[in-house]
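**Student:** Please read through the structure below; I'll follow up with questions.
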Amino acid sequence: MKKIFVSLFAALALNANAQTYDLGMTKPVPAFSEQTGYGLDDVEMRLMGAHADIEHNSQYLSFLVPDGNYTVTMEIGSKKKAASTTVRAENRRLMIHDLATKKKEFKTVKFVVNKRTPQINEKTRVSIKDREKLYLTWDNLLTLEITGDAPAVKSIHVERNDDCKTVFLCGNSTVVDQSYEPWASWGQMIPVWFDENVAIANYAESGLATFSFLAQKRLDKILSQMKKGDYVIVEFGHNDEKDKRSGRGAWYNFSYNLKVFIDEVRDKGGNIILCTPTMRRAWEKGNKTIANTHGDFPAAVRAVAERENVPMIDLTEMSKTFFETLGFEDSKRSLVHYPAGTFPGQTKKFEDNTHFNPFGAYEVAKMIVMGLKQTNSPLVSNLRPAWEDFNPSQPDDWKTFHWTSSPLSEITKPDGN
């Protein structure tokens with residue numbers, strides 16, 4: 001494992017277990033402790049079971065804070081060197097991507113991190129899966145990963161933000177903040193394009209369907225945190241379609257559950273957006289077009305959205321165009337397709353045609369943003385100036401896409417398919 005090169009020094013943590021922290025340049029940051037409420041966090045040791053053999057420049061900082069949204073202000077750069085810095089939060093949630101600074105150049109960036117625990121009230125909790133108990137998204141800490149080819153951070157300020165808009169994400173393994181390399185989903189990539197007035201709160205989890213998401217009280221937790229005017233984006237279908245019990249098809253149980261999401265969010269004063277499911281890389285004979293493996297489920301989403309007058313993003317069509325534009329071979333580059341030995345402990349090649357890698361997730365996140373623009377969502381007013389419109393028939397070049405891997409990887413496929 002490479003030596004960590006990030007230079008961070010602590011000036012003062014204003015309140016242990018409070019809602020404001022300042023880290024400056026007077027002394028090295030200590031190891032995290034509950035007494036101070038902040039510090040360097042040995043995430044690799046905490047997440048036992050994950051492989052931590054990837055060479056990396058990552059350093060983790062954690063802050064003990066209550067549930068809520070927190071604005072993070074970072075001064076990025078170095079007097080001694082040119083730098084390239086990436087910042088991710090919680091479960092590899094992309095906040096700053098490859099920010100370049102020249103020697104003696106400093107740039108100030110701001111973003112909002114949503115932090116949560118499973119607790120809803122004194123008597124009720126979200127029923128998270130056993131694997132989620134190790135996730136950085138469900139603990140008592142707000143965790144930042146500072147990484148990149150040559151990361152450099154001068155100072156960090158963390159402060160509670162009760163005024164920003166929150167965008168809650170509901171979905172399955174194509175949406176969730178994937179914890180480990182090489183898996184990734186659009187929900188963890190989309191924060192990078194929004195400014196400090198928007199928080200992305202990703203409640204998705206691998207293997208979930210509309211009915212299991214509701215049964216585990218994830219929507220209840222969202223409603224307990226939601227303010228009037230907040231947003232909820234919903235993408236399901238991959239796992240709902242596998243349930244063959246009586247009444248569980250696209251036009252009955254699935255459509256009914258989407259109506260539950262719509263009614264509950266609207267009753268709380270929120271704005272809901274539906275998405276059709278992303279396509280699987282399932283080629284028709286001749287390998288020219290992608291087959292629909294979702295049956296009536298995309299059509300059911302469209303029908304519910306039209307009937308209930310809900311904005312809808314057609315990820316099914318956009319991801320189909322994306323795969324077909326890349327072609328049979330290059331489309332593998334957007335998914336978890338890797339030869340054996342690419343990652344620690346990987347004895348067999350990965351050939352996953354459902355789950356995205358960081359490049360694919362990055363591209364699908366751009367499709368979501370374009371869907372917001374096409375539906376005239378007010379959220380687009382909070383896009384960062386660096387945003388450039390995206391066309392899935394003209395995707396980015398996977399050969400030039402750059403991703404600094406996190407130190408943790410996993411060879412177990414996420415739940416769902």
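**Student:** Consider Q188 against the criteria (1) part of a loop (DSSP other than H, G, I, E, B); (2) under 17 Å from T354 (Cβ atoms): it satisfies all of them except one. Which criterion is unmet?
**Tutor:** Exception for Q188: condition (1).
**Student:** Scan F343, F323 and give me the residue that is assigned to a helix (DSSP H, G or I), within 28 Å of T404 (Cα to Cα) and touching a residue at least 40 places away in the same chain (Cβ under 8 Å).
**Tutor:** F323
**Student:** Here is a follow-up. List the residue pairs whose Cβ atoms are under 8 Å apart, where the first residue sits in the range 326-338 and is within 15 Å of P358 (Cβ to Cβ), the second is open to solvent by less than 50 Å² (accessible area, probe 1.4 Å) and at pLDDT below 95, and the two are 6 or more positions apart or on different chains.
**Tutor:** Y338/Q346
Here's the yes/no breakdown for (1) over 20 Å from R93 (Cβ atoms); (2) in contact with an Asp or Glu (Cβ under 9 Å, 6 or more places away or on another chain):
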| position | (1), (2) |
| --- | --- |
| G345 | yes, yes |
| D352 | yes, no |
| F356 | no, yes |
| Y362 | no, yes |
| A365 | no, no |
| N376 | yes, no |
| L379 | no, no |
| A386 | no, no |
| T400 | yes, no |
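**Student:** Also: Return the residues of the range 23-57 that are assigned to a strand (DSSP E or B) and at pLDDT 85 or above; say none if nothing qualifies.
**Tutor:** The answer is A31, S33, Y38, G39, L40.
**Student:** Looking at the range 289-307, is at least one residue under 23 Å from V167 (Cβ atoms), more than 20 Å from the chain's Cα centre (by Cα), open to solvent by 10 Å² or more (accessible area, probe 1.4 Å) and among the aliphatic types (A, V, I, L, M)?
**Tutor:** Taking every residue of the range 289-307 in turn, none turns out to be under 23 Å from V167 (Cβ atoms), more than 20 Å from the chain's Cα centre (by Cα), open to solvent by 10 Å² or more (accessible area, probe 1.4 Å) and among the aliphatic types (A, V, I, L, M).
**Student:** Looking at the range 185-194, is at least one residue touching an Asp or Glu at 6+ places or on another chain (Cβ under 8 Å) and open to solvent by 10 Å² or more (accessible area, probe 1.4 Å)?
**Tutor:** No, because not a single residue in the range 185-194 is touching an Asp or Glu at 6+ places or on another chain (Cβ under 8 Å) and open to solvent by 10 Å² or more (accessible area, probe 1.4 Å).
**Student:** Next question, about the same structure. Return the pair list, or none, for Cβ contacts closer than 9 Å from residues in the range 377-393 that are closer than 22 Å to V109 by Cα and at pLDDT 95 or above to residues that are surrounded by 13 or more Cβ atoms within 10 Å (Cβ to Cβ) and of a type in the set (D, E), at least 6 apart or on different chains.
**Tutor:** Close Cβ pairs satisfying both conditions: N382/D195; N382/E196; L383/D195; R384/D195; P385/D195.
**Student:** Could I ask something else about it? Hey, W398 hits all of (1) without any contact (Cβ under 8 Å) to a residue 60 or more places away in the chain; (2) surrounded by fewer than 18 Cβ atoms within 10 Å (Cβ to Cβ) but one; which does it fall short on?
**Tutor:** With (1) without any contact (Cβ under 8 Å) to a residue 60 or more places away in the chain; (2) surrounded by fewer than 18 Cβ atoms within 10 Å (Cβ to Cβ) applied to W398, the lone miss is (1).
**Student:** Further question on the same structure: Look at E122 and say whether it is part of a strand (DSSP E or B) and open to solvent by 20 Å² or more (accessible area, probe 1.4 Å).
**Tutor:** It is false that E122 is part of a strand (DSSP E or B) and open to solvent by 20 Å² or more (accessible area, probe 1.4 Å).
**Student:** Of everything in the range 347-369, what is touching a Gly at 6+ places or on another chain (Cβ under 9 Å) and part of a strand (DSSP E or B)? Give them in sequence order.
**Tutor:** If the condition is that a residue be touching a Gly at 6+ places or on another chain (Cβ under 9 Å) and part of a strand (DSSP E or B), then T354, H355 are the ones that fit.
**Student:** Give the residues of the range 111-152 that are without any contact (Cβ under 8 Å) to a residue 24 or more places away in the chain, within 22 Å of N172 (Cβ to Cβ), out of contact with any Ser or Thr (no Cβ under 9 Å at 6 or more places or on another chain) and not basic (K, R), sorted by residue number.
**Tutor:** The one that is without any contact (Cβ under 8 Å) to a residue 24 or more places away in the chain, within 22 Å of N172 (Cβ to Cβ), out of contact with any Ser or Thr (no Cβ under 9 Å at 6 or more places or on another chain) and not basic (K, R): D130.
**Student:** Kindly provide the set of residues from the range 125-151 that are among the small types (G, A, S) and open to solvent by less than 10 Å² (accessible area, probe 1.4 Å), ordered by number.
**Tutor:** Of everything in the range 125-151, just one residue is among the small types (G, A, S) and open to solvent by less than 10 Å² (accessible area, probe 1.4 Å), namely G148.
**Student:** Restricting to helices (runs of 4 or more DSSP H) lying wholly in the range 198-275: which have 3 or more residues that are open to solvent by less than 10 Å² (accessible area, probe 1.4 Å) and either in contact with a helix residue (DSSP H, G or I) (Cβ under 9 Å, 6 or more places away or on another chain) or touching a residue at least 24 places away in the same chain (Cβ under 8 Å) (or both)?
**Tutor:** 218-225, 255-267
The values are calculated or read from the model by the stated rules, or taken from the named source; none is laboratory data. As the structure is a computational prediction, the values presented were derived from the model and not from experiment. Quick reminder, even Gly has a Cβ in these numbers, built from the backbone with ideal geometry, and neighbours come from all protein chains shown. Each accessible area value is taken on the protein alone, full model and side chains, heavy atoms only, with ligands, DNA and RNA left out. Shrake-Rupley method; radii C 1.70, N 1.55, O 1.52, S 1.80 Å.
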